[in-house]
Each structure stands twice: as structure tokens, then as C-alpha cells.
Amino acid sequence: MLIWPSWNRQGSSWLGFFAQVQHLVVALRLDILCILDTKISDFDPATNKIASKLSVYFDNVDFVNSDGQSGGILLFWNSSTVSLNVIFKHNRFIHCHITNIANIKSWVHTFVYAYPAKKMQLDLWNEIETLKPQNDDSWVLMGDFNNVASSEEKIGGRDPNTVYMHNFVRFLNYINVTSLLAEGLPFTWSNNHQDQTIIFEKLDRVVANPSWLQIFPFACVENLPMVGVLRIVFSSVGNQAGNKDFFFCDIIDGGISEIDNDLILAPATMLEVEKTVNSIGSLKAPGPDESRAAGYILRNSDGNSLVAGARRLYSLNAHVLECLALKDGLLAAKRFNHKNMLVEGDLLLVISSLRDLANATWKIKPILCDILHLAHWFDNISFTHIFREANFMTDALANTGHALQCPKIWVDSYPPQAFSTFQLDSSQTGCLGGFSL
């Protein structure tokens, strides 16, 4: 299965940018990665920090420099899974030919970051129209088109300019493409205002011609939550319906050695109890570098761990962390087919917002929308608030996240660092639950 994301990063000054990139690259085993609006005017693969770090995962990179503080595209790919040949580069798109080495399927692919100034878009649409295949080749375009195709794709602010919107729709019709239906959030951009002036728009999309849809009938798109200043669109291409799952973490060996087993069975010492309790801070597991980490655990009715997970994040407040941990946990439950869930979280605002979305804060509302969308998959699910003192197992899991370079999942187990905490937790009947955050 090929997976490629198109990511509008809106500037790399956000400290968590690379952490989120690395999370997706590793967890989804990406074949291609495209970063839009890089704001890099003099990109050099040899010296750029992002390119240097991503060279561990991708052996090829191409780019379009930004025009000052606007635009810029970075395109990474792995030549062991795809053959990618750049045909043409424009300051607002990269046009290339891609072949999936595994099955020799090939198509034309255009990564787009349209001008934010809509008065400049008509000339761009005209240029892209010249790329339309003349021999019925498969063609897909994806990225940030900086325009809506209907008034329903915008909430708040002024009504869309009908002239610019009609120009965009005419362009899509002329090149004979269809927008792929997207799961997740219906909008991909917000002005992040915290009052009645907030605006949501669907600016990012994936469109494809009939030939491409014929060879990839099970392709799907998911819009991920807007965290901080991020926007992302990605699509996965499979050859059967079962290939449309999206996985967000690596699975590591969940086996327990005899030594680990002895540690689990050994009684907890007072020193271990004291260390465990003192490790609980006022924030969600703050690290020495002021980074944050999130953790979750799925347990059966006996309190035994089914799946546990943790990952490292940056510059996020406790409510955003709680929401991300909740979504990670629900995705893990879906992945391992656990359809009956009792969700326990220790931040009352998050649990209350899930019950009354209208009163959710602007920072977490898009993530909560995604969580509620995901919740429809379960046969039974409920959300319950618990006190933080009863939730220290997930704090211990989150603490392990500070040492992780990429997200981790433990199946039928948990990190060795959390063994003593699990013992203490298991001795308190009030701490046993089906799912804790």
C-alpha cells in the first residue's frame, strides 16, 4: 500500500513541526512526503535541518524555493518503493510521474500549493490545464488549492467570492477530475480566532481523473486534526477495501521475558511507591526540555493491559495533549478490533466538551470533532471523568514518551519503566478500567 501525505506546514517556527512529521513518517511508513508553504527561499539539501533528518527515511528530495515568505515545496520519496521522475516544476506546483515498484502501476501526480491571493489563481489554473494528459493517462492532483468549490465549504466570515469560486470549479471541470471524499474533519483551515469571528474553510483536497480512479478504486483521503498551525491532507492507495486503514504508531515486540515477569510479580517497595507518586506533575508529564508527552492504555475488565502507547510532543497544552492521547487510544482500539469501550480521562473540560461540543474551546474543537467521528465505529462507547490521582498509570506511560524518538505501542504489555506503577495501580480497585487516559 502506498501512502503519501501533503502537508501545509505554515512555517517551521512551530517547535513541534518536525516531531509531527517524524510521527507520520515512521508510523505510516510513508513512501512519499510533500511539505507545502515551506517559506524556504534558498533550500540546500546538504545543509537544511529538515532534509538532513528526513534523509534517514527518504533517499531522494526535490524542491521549489519560496518567493520570499510565501510558498515553497519540499518533495521527499523512497526509491525502494516508488520510481518518481519530476517532469516540470513551477513556483506553485511540482508535476511528476510515479510508478509503484511493487505492482508497476503508474500515474501522473501534481503537488499543488496555490497562490493565497485569489486574483492570481486564474493564471495558475490555466497553466495547470496545459498539464492535462492527452492520452487518457491516470492523473491525480493534491495539496492546498487555497479556494473553495462551494459555499458549503466555508463557515464564518464573508461569503466566498463567486467569481474566484466559479473560476476554480470551471478549472476542475475542464481537467475532468473528481474530488475524493475525505474522512475526518470537513474543514482544513481556520483563522484560529477565539470568538465569533472564527472562520473554517476546506482549502486542501485530492482530485483525480477517471483513469486514476479506475486503477485505484479504494483510494481514500483523511483530513487530520488541525493542531496548532498545522494542516494536513493525505491519501492512501490500496488494491482492496481492507487496505484503507490508517495506522499511527509502530508496533514493537510485546513479549514479556522471564526477568520482566519476575519484576511484575515482585511486591512493590515503599521506595518505588514514593518514586511513582512523586513523578506525577501538575502538567501531563513535562520533560526536562519543556516538551510534553502523551500516553494511553487499553485494559480489559480484569485490569490487564491489552494495548499501551506513548509519544513525544512539543509546545502543546494539557487539553490538546489529552485529546491527542484519546484519539491515539481510539485508533489503537479500532486497529485491534476492540468495539466496546469505557473511556476514562482526568481532564474534566475534555470529557465535558465531548458531551457538549458547542462549548468546546477553539484549540481542541477540531480534534474533538475527529474523535466523535471515530467514535461512530464502536458498538458501545462512553466517556467518563476520573480524578487524576486515580490515573497515574497513564502518566507513567506518558513519562516514557520523553525518551522516544517515534511513537510506540506495546501489545499485551507496557514499558519496563512502568512495571512498578502498574503494580501499584492494580492494587487499587478504583483504578481498574477498560480504558484510561
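In nm, what is the difference between 0.36 nm times the number of residues separating ALA403 and SER70 and their Cα-Cα distance?
116.4 nm
How far is it, in nm, from the label point at LEU372 to the one at ASP302 when both lie 7 Å from their Cα along the line to the Cβ?
That separation, rounded to one decimal, is 3.7 nm.
When all protein chains stay in place, what accessible area (Å², nearest 10, 1.4 Å probe) is found for ASP137?
Accessible area, nearest 10 Å²: 70 Å².
For VAL307, which sequence-distant residues (separation of 5 or more, or a different chain) have an amide H within less than 5 Å of its own amide H, given hydrogens modelled in the peptide plane?
Long-range HN contacts for VAL307: LEU298, ASP412.
Quick one: dipole size for segment 166-222, taken about the Cα centre, charges +1 on Lys/Arg Cβ and -1 on Asp/Glu Cβ, in debye to the nearest 20.
Dipole magnitude for segment 166-222 comes out near 280 debye.
With every protein chain present, what accessible area does HIS376 have (1.4 Å probe, heavy atoms only), rounded to the nearest 10 Å²?
For HIS376, solvent-accessible area is about 150 Å².
Put a dot 7 Å past each Cα toward the Cβ at ILE87 and HIS385; how far apart are the dots in nm?
That separation, rounded to one decimal, is 5.6 nm.
Too long at a 30 Å Cα-Cα cut-off: which of LYS339/LYS408; LYS39/LYS154; LYS53/LYS365; LYS154/LYS408; LYS49/LYS89; LYS202/LYS408?
Checking Cα-Cα distances, LYS53/LYS365; LYS154/LYS408; LYS202/LYS408 exceed 30 Å.
Students often check this: by mean Cβ neighbours within 10 Å, which of 321-327, 369-375 ranks highest, and how do the rest follow?
Those peptides, ordered most packed to least, come out 321-327, 369-375.
What is the set of long-range amide H partners of GLU344 at a cut-off below 5 Å, with H atoms built 1.01 Å from backbone N?
Residues meeting the amide H criterion: THR384, PHE435, SER436, LEU437.
Probe of 1.4 angstrom, ligands and nucleic acids ignored: what's the accessible area per residue over segment 92-212, in square angstrom?
That works out to 46 Å² for each residue.
For segment 15-155, what % of the accessible area comes from carbon and sulfur atoms, probe 1.4 Å?
That share works out to 49 percent.
The values are calculated or read from the model by the stated rules, or taken from the named source; none is laboratory data. Please read these numbers as outputs of a predicted model, since none were measured by experiment. Every residue, glycine among them, receives a Cβ derived from its backbone with ideal geometry; neighbour counts consider all protein chains shown. Accessible surface is based on the protein model in full, side chains and every heavy atom, while ligands, DNA and RNA are left aside. Shrake-Rupley method; radii C 1.70, N 1.55, O 1.52, S 1.80 Å.
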